[in-house]
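A short worksheet on the structure shown next.
Every number in this text was worked out from the coordinates using simple rules, so none of it is lab data. Computed from a prediction, not measured in an experiment: that's the story for all the values here. Cβ: placed from backbone, ideal geometry, glycine included. Neighbour counts: every protein chain shown.
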Amino acid sequence: MIFKLLELKNFIKRIGDRYWVYVKILIKFVSALAIFGLMNYHMGYSEVMDNVIITLGLSVIAAFSPDAVFSIIVMLVSIVQVYSVSLVLAVVMMVVYLIIYFAYVRFVPGQIYVILAIPFLYILGIPYVMPLICGVFFAPYSIISNILGILIYYVYLAVEGAAGLSGETSVSNTINFFNVIVDNIRGNRYMLFSMIIFAFIALLTYIIRIQNFNHSSDVSLLTGTVLLLVAFVLSSSFIENSDNIVNVIVGVCVSGLIAFMVQFFRISLDYSGVKNIQFQDDEYYYYVRAVPKLSVSALDKQVKTIHAQIPTSNTMNLRETIEKTFEESEHKVTGTVEEDR
Amino acid sequence: MLSKKKIKIMFRMASYEQGVGKKDLNTVRFYKADYVRLNILKSVVCMTIAYALVLGLVIFYNIEYVIKNAVKLPYDSIGIKTLGIYIFLVVFYVFVSLFVYSSRYGHARKRVQRYFKYLKYLSKYYENDGEEYEEEERDDF
């Protein structure tokens with residue numbers, strides 16, 4: 001099993017290395033299409049954005065744009081969707097994005113993907129993968145990204161809830177509408193609890209991962225997954241009184257599996273070959289622990305196809321030739337025997 | 001004649017120049033102190049904008065109350081609180097920026113030093129009319 005996975009990893013790596021430019025464009029196109037599709041499905045307030053051609057066109061533009069432009073397009077699309085509900089809210093959303101940029105993303109630009117990914121992972125039911133991956137890949141500052149991502153998701157959720165209100169009354173462009181949404185978010189204990197759990201799990205996964213013992217990454221992911229499961233099952237039943245505990249359990253388990261797969265594709269180590277080496281130079285004494293990477297050599301399959309030869313006028317039939325030769329030799333032998341007699 | 005070593009070095013240099021090298025070369029144009037100070041200043045400006053936007057949102061949320069009690073509001077205490085939080089944030093951002101940009105400058109300088117070593121190698125290579133000379137092994141960028 002592990003060797004099959006390693007072969008698959010090598011294969012994907014080879015393909016990725018060879019066609020990286022095209023693979024990246026394809027990944028960006030598919031992600032953009034999925035994001036805009038999910039947005040239209042859950043917040044399809046804007047008739048303009050609900051058009052398939054516009055969605056496809058935007059996805060193509062996002063696929064061929066630099067990474068920073070990709071995230072700006074996603075943010076703009078979400079603002080356009082909110083604009084269809086309320087102008088005031090659209091302005092507020094823009095202000096929120098600006099605050100996030102000026103106060104945080106400016107320092108760590110790459111974290112914008114974590115922030116924007118969390119709302120969509122929530123829609124897919126697997127947001128729990130993010131604190132695990134952040135713990136394995138990033139430094140503890142990614143805690144802030146997790147918190148901001150959850151906040152944005154709950155803003156979308158509040159807008160979704162308030163969209164019904166705006167249909168019935170004419171409060172959509174009033175300050176009151178903004179206050180309803182802020183109160184909704186402020187009073188959401190489940191959101192607060194989710195933020196605390198995500199932050200704690202991301203930190204714990206990171207701390208365990210950097211420890212100096214065998215399989216520290218796997219242990220960190222396993223611990224993180226189990227704690228996520230316990231914490232979210234408890235919070236779903238006691239805080240939210242939700243009946244969707246099965247969804248939470250399935251979501252956490254799938255997230256754990258995804259995190260393990262990502263970790264496996266990132267790095268896989270062979271702890272049976274650990275070497276502890278000590279050496280020194282003029283200034284330091286070094287204690288080095290070297291862990292070899294698990295690897296398999298790519299299968300070198302050489303397929304040799306043998307085609308049946310199509311007889312032509314020049315082709316000899318081997319059987320006929322052999323039989324003919326035998327007959328000739330027999331004639332010669334009988335001829336000589338008769339001559340001898 | 002093609003030199004494998006030269007091609008390898010030129011490939012590394014080109015990929016560095018087109019990747020992270022662009023930013024690094026821009027960074028090391030400054031002295032460390034200047035670079036860090038400039039970025040601290042930028043961070044404080046950005047933080048000020050963000051803080052103003054947050055204040056705007058808070059006022060917007062309480063706008064009805066503010067309009068109703070515009071005369072009675074304790075502006076002194078509100079001003080002191082706002083300023084206190086702002087000063088705290090400025091200090092916090094100054095320290096974070098100091099740490100982040102000092103470390104970034106350090107990493108960029110190390111990479112640029114390796115890049116210059118490669119440049120030196122190439123220039124000597126051309127001076128010697130394409131004859132390779134022994135150099136100690138270097139790390140990748």
- How high is the FRET efficiency from B:I85 to A:L98, r the C-beta distance, R0 25 Å, rounded to 0.05? 0.85
- Message: Please state the shape class of the protein assembly as shown: rounded when a/c is under 1.5, otherwise prolate if a/b exceeds b/c and oblate if not, all from the C-alpha gyration tensor.
- Response: prolate
- Task: Would you mind getting the Kirkwood hydrodynamic radius of the range A:1-130 from its Cα pairs, rounded to one decimal in Å?
- Result: 16.4 Å
- Cβ density ranking, 10 Å radius, fewest first, applied to A:H307, A:H331 yields A:H307, A:H331
- Query: Build a GNM of chain B with springs between Cα atoms under 10 Å: which of B:K120, B:K68, B:K81 gets the top mean-square fluctuation?
  - Reply: B:K68
- Message: Give me the Å³ per residue figure for the convex hull around the C-alpha atoms of chain B.
- Response: 126 Å³
- Please list the non-local residues whose amide H lies under 5 Å from the amide H of A:L269, H modeled 1.01 Å from N, same-chain partners needing a gap of 5 or more. A:L294
- Taking the Cα centre of the range B:40-126 as the origin, how large is its charge dipole in debye, to the nearest 20, when only Lys and Arg (+1) and Asp and Glu (-1) carry charge on their Cβ atoms? 1000 debye
- Task: Report, in whole Å, the centroid distance computed from the Cα atoms of the range A:186-261 and the range B:1-75.
- Result: 32 Å
- What size of dipole, in debye to the nearest 20, comes out for the protein assembly as shown about its Cα centre when the only charges are +1 on Lys and Arg C-beta atoms and -1 on Asp and Glu C-beta atoms? 1720 debye
- Point-to-point label distance, B:L25-A:C253, nm (Cα→Cβ direction, 7 Å offset): 5.4 nm
- Using the count of nearby Cβ atoms within 10 Å as a rough guide to exposure, how do A:T225, B:T27, A:T321 rank from fewest to most? A:T321, B:T27, A:T225
- Message: Using Cβ counts within 10 Å as a stand-in for footprinting exposure, how do A:M261, A:M94 rank, fewest first?
- Response: A:M261, A:M94
- Note on the structure: Per GNM of chain A with C-alpha springs under 10 angstrom, the most fluctuating residue out of A:Y141, A:Y285, A:Y206 is A:Y285
- Note on the structure: What helix-only [θ] at 222 nm does the protein assembly as shown give? Using -39500 (n - 2.57) per DSSP H run of at least 4, over all residues, to the nearest 500, the answer is -25000 deg cm²/dmol
- Here the residues of the range A:105-131 lying in the modelled label zone of A:V226, meaning backbone nitrogen under 20 Å from a point 7 Å along Cα-to-Cβ, are A:128-131
- Task: Any chance you could run the full-extension gain for A:V246 through A:I306? It's 0.36 nm times the residue separation minus the Cα-Cα distance, nm to one decimal.
- Result: 16.0 nm
- So what are the ³J(HN,Hα) numbers for the range B:83-95, from phi and the Karplus equation (6.51, -1.76, 1.60; θ = phi - 60°), rounded to whole Hz, Gly and Pro as x? 5, x, 4, 4, 5, 4, 5, 4, 4, 4, 5, 4, 5
